[in-house]
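Before any comments, here is the structure.
The values are calculated or read from the model by the stated rules, or taken from the named source; none is laboratory data. Values in this document were obtained by computation on a predicted structure and should not be read as measured data. Note that each Cβ is placed from the backbone with ideal geometry, even for glycine, and that neighbours are counted across all protein chains shown. Heavy atoms of the whole protein, side chains included, go into the accessibility calculation; ligands, DNA and RNA do not. Shrake-Rupley method; radii C 1.70, N 1.55, O 1.52, S 1.80 Å.
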Amino acid sequence: DTEVTQTPKHLVMGMTNKKSLKCEQHMGHRAMYWYKQKAKKPPELMFVYSYEKLSINESVPSRFSPECPNSSLLNLHLHALQPEDSALYLCASSQEIRTDTQYFGPGTRLTVL
Amino acid sequence: ELKVEQNPLFLSMQEGKNYTIYCNYSTTSDRLYWYRQDPGKSLESLFVLLSNGAVKQEGRLMASLDTKARLSTLHITAAVHDLSATYFCAVDVPGKLTFGQGTILTVHP
């Protein structure tokens, strides 16, 4: 099973709202990732977790707050977002931080009004 | 800073024809990935190329890697409409994937 699940599929939020994106995998992978993808652009790495610890933060604004409660779950907490944060947010996982193939979830389409 | 450049960015192909997508990258890496993305969908892993000279084939797609030239190619043989999608190469340096801009492939009759 090479499935990464993400919820919700779609999210519309105002600039003052607080919301969370959720990602789950049951492949025993110890590395998990958040990417942001704008329309017609490639995915851009935001955060990397390895063994439940934040390993890489690509200078993401603090209005995005990642959390890895356990080895299967990855959350992205959103607060005071801007309209330009509207994008497809993709979660991925891999066996370890430097190993072959990251498996991507279906993504959450976020719209900030 | 790692740069990954694909060309062409747009490719309109006729069914049955062959073509190649190129992926150049600017720093040493021994891992390169090819992904496919359909509109509004997530990324599907196509190939992982792990060493110089690696060649992998799946159906009408064949990928190769030349680490000395820092070049990977994705060759399409006898294109069919189902191959229409965006194709990304991505370089792993180290543990971070940096993607090319993507090649939007359209296959028409």
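Please go through the stretch B:59-83 and give me each residue that is more than 13 Å from the chain's Cα centre (by Cα) and either open to solvent by less than 40 Å² (accessible area, probe 1.4 Å) or facing chain A (nearest Cβ under 10 Å) (or both), ordered by number.
B:THR67, B:ALA78, B:ALA79
Given the residues B:VAL93, B:VAL48, B:VAL4, which is the only one that is open to solvent by less than 70 Å² (accessible area, probe 1.4 Å), within 11 Å of another protein chain (Cβ to nearest Cβ), of a type in the set (A, V, I, L, M, F, W, C) and touching a Cys at 6+ places or on another chain (Cβ under 9 Å)? Write out each step before concluding.
Values: B:VAL93 fails: touching a Cys at 6+ places or on another chain (Cβ under 9 Å); B:VAL48 fails: touching a Cys at 6+ places or on another chain (Cβ under 9 Å).
Exactly one residue qualifies, and that residue is B:VAL4.
Quick check, is B:MET13 away from chain A (no Cβ under 14 Å), open to solvent by 10 Å² or more (accessible area, probe 1.4 Å), in a strand (DSSP E or B) and farther than 26 Å from A:VAL48 by Cα?
In short, no.
Spot the failing condition for A:ASP1; the list is (1) open to solvent by 40 Å² or more (accessible area, probe 1.4 Å); (2) modelled with pLDDT of 95 or more, and only one is missed.
Unmet condition: (2).
Out of everything in the stretch A:27-53 that is in contact with a strand residue (DSSP E or B) (Cβ under 9 Å, 6 or more places away or on another chain) and exposed (fewer than 13 other Cβ atoms within 10 Å of the Cβ), what residue ends up being nearest to the other protein chains (Cβ to nearest Cβ)?
Only one residue tops the list, namely A:LYS40.
For residues that are aliphatic (A, V, I, L, M) and under 12 Å from the mean Cα position of the chain (by Cα), scanning just the stretch B:16-45, find the one that is farthest from the other protein chains (Cβ to nearest Cβ). Don't jump to the end; show me each part of the working.
In the first step, residues of the stretch B:16-45 are kept if they are aliphatic (A, V, I, L, M); the result is B:21, B:32, B:43.
After this cut, where a residue has to be under 12 Å from the mean Cα position of the chain (by Cα) as well, the list is B:21, B:32.
Values: B:ILE21: 14, B:LEU32: 11 Å.
Filtering first and then ranking leaves B:ILE21.
Give the number of residues within the stretch A:60-105 that are assigned to a loop (DSSP other than H, G, I, E, B) and within 13 Å of chain B (Cβ to nearest Cβ).
9
Looking only at residues that are within 11 Å of another protein chain (Cβ to nearest Cβ) and part of a loop (DSSP other than H, G, I, E, B) in the stretch B:96-109, which one is modelled with the lowest pLDDT?
My answer is B:LYS96.
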